[in-house]
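I have placed the structure first, in the form of structure tokens, so that the comments after it can refer back to it.
The values are calculated or read from the model by the stated rules, or taken from the named source; none is laboratory data. Keep in mind it's a predicted model, so treat the numbers as computed, not measured. All Cβ positions, even for glycine, are placed from backbone atoms using ideal geometry, and neighbour counts span all protein chains on display.
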Amino acid sequence: MWSVRIVSMITVKSPITTKELKQIAKSRFGNLIKAVVDVEKGIMVIDSDLHSDEEAVLIEQGSEQKDLWGINLYPDEDEGSFIEFDSMINLRPSQNNLSRGVENEKTRKRIANIVNKFVTR
């Protein structure tokens with residue numbers, strides 16, 4: 001028997017609590033939430049199995065791929081471990097990003113600022 005989960009990605013444009021994030025995490029991976037952040041528009045999409053699905057949603061909404069970065073959120077962790085900069089969509093030789101991480105410190109800070117703007121602890 002097949003089990004199907006309806007994709008219910010959330011475009012975050014207003015504050016969300018860590019309590020809500022914990023509930024979302026439990027429904028998919030248990031302790032983490034995949035997210036893609038648009039560093040130009042200052043929005044993010046959360047709650048899918050793949051960063052590439054979230055990336056596609058943002059591109060459909062008018063985002064440019066060069067502005068999108070994949071991260072993982074760990075709602076049970078403290079501030080230092082809350083955001084993990086790791087996603088296959090981050091591999092971008094054309095932008096000098098040669099790993100799954102976000103190598104540019106300025107870009108990591110922009111991502112963290114956007115996440116912290118939306119997530120209330």
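Quick grid of which residues meet (1) within 19 Å of residue 9 (Cβ to Cβ); (2) modelled with pLDDT of 95 or more:
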residue: 38; (1), (2): yes, yes
residue: 61; (1), (2): yes, no
residue: 64; (1), (2): yes, yes
residue: 69; (1), (2): yes, yes
residue: 75; (1), (2): yes, yes
residue: 99; (1), (2): no, yes
residue: 105; (1), (2): no, yes
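Yes or no, residue by residue, for (1) among the hydrophobic types (A, V, I, L, M, F, W, C); (2) touching a helix residue (DSSP H, G or I) at 6+ places or on another chain (Cβ under 7 Å); (3) surrounded by fewer than 21 Cβ atoms within 10 Å (Cβ to Cβ); (4) within 16 Å of residue 115 (Cα to Cα):
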{"residue": "10", "(1), (2), (3), (4)": "yes, no, yes, yes"}
{"residue": "31", "(1), (2), (3), (4)": "no, yes, yes, no"}
{"residue": "40", "(1), (2), (3), (4)": "no, yes, yes, yes"}
{"residue": "45", "(1), (2), (3), (4)": "yes, yes, no, yes"}
{"residue": "50", "(1), (2), (3), (4)": "yes, no, yes, no"}
{"residue": "59", "(1), (2), (3), (4)": "yes, yes, yes, no"}
{"residue": "71", "(1), (2), (3), (4)": "yes, yes, no, yes"}
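Can you tell me how many residues within the range 40-59 are in contact (Cβ under 8 Å) with a residue 12 or more places away in the chain and under 20 Å from residue 14 (Cα atoms)? Going through the range 40-59 one residue at a time, the tally reaches 13.
The set of residues from the range 91-121 being under 15 Å from residue 68 (Cβ atoms) and among the aliphatic types (A, V, I, L, M) comprises 91, 102, 111, 114, 115.
If the condition is being touching a residue at least 60 places away in the same chain (Cβ under 8 Å) and under 13 Å from the mean Cα position of the chain (by Cα), then the range 14-37 contributes 21, 35, 37.
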